[in-house]
Amino acid sequence: MKAEIQRRTFIKGCAAVSLMPMLSNPLLAAVWNESNGTDFNIVSFGAVGDAATDCTAAIQQAIQACHQAGGGRVIIPEGKFLSGSLELFSHVNLHFQDEAELIFNANTSSVSTAMIRASQQQQIAITGHGTLDAKANQPGWWYGMGYQPDTQQTNVLAAVLDITDCQNVAFEDVSIRNAPAWLIRPKQSQRVEISNVICV
């Protein structure tokens, strides 16, 4: 029963996305598994997995370095890492090791409409047995971002993952918790693979 509920929750949050078996496309399998052979551990860029330190800048620097190097994996190791909104770039696989958690920090200036977003990028992935926790279930969460009722604001988190006008995208094995609204929101994108993603 629990698995069925998770499946329904996933489908509800990911309406209109095409689901394909992972590894059915050899090109995508090569992109996500090989990732150019280079790893960029966020700890090396100053991230601290203590559930208290804001790691937004460190993680974004790791993503940027990976992208500029031609691609690879940005490694989120075991630990609890606080972060504001992040932007993913082409040829980057954001890879979670076991027991790794990326926790959204609403009390930071680095907030956009998604926890992780990508626009006009290609060959990007989020993989591994880790967790993205948007923390939208916490009391005062919305007000932590400066949200005021009955107002029009553009910096309120609406999705955990927001993908716009991208090609060759894969999400595999990660768990998503406490989304504010959308779980995964792919828009105007081609060849999006989602496999074994658990949304609770």
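What the table below lists for this structure:
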| item | result |
| --- | --- |
| Some residue of segment 143-153 being out of contact with any Cys (no Cβ under 8 Å at 6 or more places or on another chain) and at pLDDT 85 or above | no |
| Answer residue from segment 163-200, given it is among the small types (Gly, Ala, Ser) and not in a strand (DSSP E or B) and is modelled with the highest pLDDT among those | Ser189 |
| Odd one out for Cys66 among (1) at pLDDT below 85; (2) of a type outside the set (Val, Ile, Thr); (3) crowded, with 21+ Cβ neighbours inside 10 Å | (1) |
| Of residues in segment 124-138 being in a strand (DSSP E or B) and either of a type in the set (Ser, Thr, Tyr) or surrounded by fewer than 23 Cβ atoms within 10 Å (Cβ to Cβ) (or both), the one farthest from the chain's Cα centre (by Cα) | Gly128 |
| Qualifying residue in segment 111-119 (condition: modelled with pLDDT of 90 or more and either of a type in the set (Val, Ile, Thr) or not in a strand (DSSP E or B) (or both)) | yes |
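The values are calculated or read from the model by the stated rules, or taken from the named source; none is laboratory data. Small disclaimer: the values here were computed from a predicted structure and weren't measured. No Cβ is skipped: glycine too gets one built from the backbone with ideal geometry, and neighbour counts run over all protein chains shown.
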